[in-house]
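A short write-up of the structure that comes next.
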Amino acid sequence: MSKEKSTYPYVKPEKTYSLGKDTDGVLHNSEELHALLLEAVLELDRVCRKNDIPYALAYGSALGAYNYGGFIPWDDDVDIAIRYEDINRLVVACEKDLDKKYVFECYENNKKYNVLVPTGKLRLKETYFKEKNWFFLPNRCGTGQTFFIDIVAFMGVPEDHKEHCKLINKAKWDIVPYCFLDAFLRIHPMCIKKKLKKFEKKIAEKYKDSPMVSQTIIIPFQDMDKSFYDNAFPRDVIFPFREYDFCGHKLYSFNDLETFCRMRFSDKGLKKWDGEKYIDPYPESKRKFQHLNKYNFKRKEKKKR
């Protein structure tokens with residue numbers, strides 16, 4: 001990078017994005033949402049540093065760190081990655097040190113947790129956040145629908161693309177009966193959850209030294225588009241995690257952040273130098289919040305009278 005370009009290390013956000021009105025009819029924007037989420041990220045950072053648990057900003061949050069040095073302006077969630085072997089350590093750390101305004105949920109500390117979503121969720125109590133896909137991904141843990149941070153576990157996976165796909169497809173065989181029981185009949189599919197977690201552990205142990213890593217194979221909604229290198233990455237691209245600038249703070253992300261972003265999002269998603277400044281080439285027409293349905297920053301869903 002030339003000396004001239006170094007004066008523009010990130011895309012400079014040109015505007016904020018409206019969230020629409022909350023359940024009280026009050027209009028809010030993306031900056032307010034990101035301030036709320038950043039506070040939760042910093043709390044997780046504090047707990048992880050205190051307990052020596054590596055973590056990384058992942059997926060859209062990693063792209064935000066690379067392109068913007070912070071949130072993608074129209075992003076409405078946070079993705080965090082940890083090592084598969086650190087799941088139980090994070091459970092213990094959160095039970096001991098997490099601020100009471102948050103709660104960490106995962107299958108390992110609550111068997112009602114939905115294993116088809118990311119490995120864990122750090123929830124912001126006394127908020128309300130209804131996802132667009134809430135019906136198929138209900139929260140059974142008793143904490144209700146709140147804002148959250150997604151926490152995914154990265155584990156070793158086969159080097160061979162076909163073998164990796166085969167493992168994910170094997171897990172998907174249980175998805176139809178799982179969703180039918182959970183979403184439509186509102187029956188807790190405990191046996192299927194136990195089976196999926198047992199399968200996950202078996203694969204994690206088998207490929208613990210593999211040169212390729214990915215998010216856990218039992219999350220069925222990961223894409224396997226070949227242009228994304230089957231959603232798996234060389235281990236040295238991901239580990240060890242490194243510090244980067246994020247909203248004025250030093251937070252961790254993947255070892256080779258640029259390579260990860262190129263592999264996961266292709267060059268079309270990365271910042272471009274136009275001769276004067278960095279720009280985001282992502283089409284303006286597609287800059288929309290992906291998950292937000294209804295929300296309230298200060299309290300839970302307004303009760304019906």
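Only one of the numbered conditions (1) acidic (Asp, Glu); (2) surrounded by 20 or more Cβ atoms within 10 Å (Cβ to Cβ); (3) modelled with pLDDT of 90 or more is violated by Glu131, and that is (3). Scanning region 96-117 for residues that are in contact with a Phe, Trp or Tyr (Cβ under 8 Å, 6 or more places away or on another chain) and either part of a loop (DSSP other than H, G, I, E, B) or acidic (Asp, Glu) (or both), which turns out farthest from Pro189 (Cα to Cα)? Per the criteria, the residue is Leu98. Across region 249-268, the qualifying residues are those that are touching a Leu at 6+ places or on another chain (Cβ under 9 Å) and among the charged types (D, E, K, R), and the one among them that is nearest to Ile80 (Cα to Cα) is Arg264. Among the residues of region 18-69, none is identified as outside any helix (DSSP H, G or I) and in contact with a Pro (Cβ under 6 Å, 6 or more places away or on another chain). Among the residues of region 78-114, the ones that are closer than 15 Å to Thr216 by Cα, more than 14 Å from the chain's Cα centre (by Cα) and surrounded by 17 or more Cβ atoms within 10 Å (Cβ to Cβ) come to 5 in all. Set side by side, the residues Ser210, Ser214 differ, and just one is in a loop (DSSP other than H, G, I, E, B), of a type outside the set (Asp, Glu) and in contact (Cβ under 8 Å) with a residue 12 or more places away in the chain, which is Ser210. Figure legend. Inter-residue proximity from region 269-281: first residues without any contact (Cβ under 8 Å) to a residue 60 or more places away in the chain and within 19 Å of Thr259 (Cα to Cα), second residues part of a helix (DSSP H, G or I) and basic (Lys, Arg), beta-carbon distance below 7 Å, spacing 6+ or different chains. Indicated pairs: Pro281/Lys268. Of the residues making up region 254-301, just one is outside any strand (DSSP E or B) and of a type in the set (Val, Ile, Thr), namely Thr259. Applying the condition of being surrounded by fewer than 12 Cβ atoms within 10 Å (Cβ to Cβ) and part of a helix (DSSP H, G or I) to region 168-203 and asking which residue is farthest from the chain's Cα centre (by Cα) yields Phe184.
Of the residues making up region 143-154, not a single one is more than 28 Å from Leu38 (Cβ to Cβ) and under 19 Å from the mean Cα position of the chain (by Cα).
The values are calculated or read from the model by the stated rules, or taken from the named source; none is laboratory data. Remember, it's a predicted structure, so these values are computed and weren't measured experimentally. All Cβ positions, even for glycine, are placed from backbone atoms using ideal geometry, and neighbour counts span all protein chains on display.
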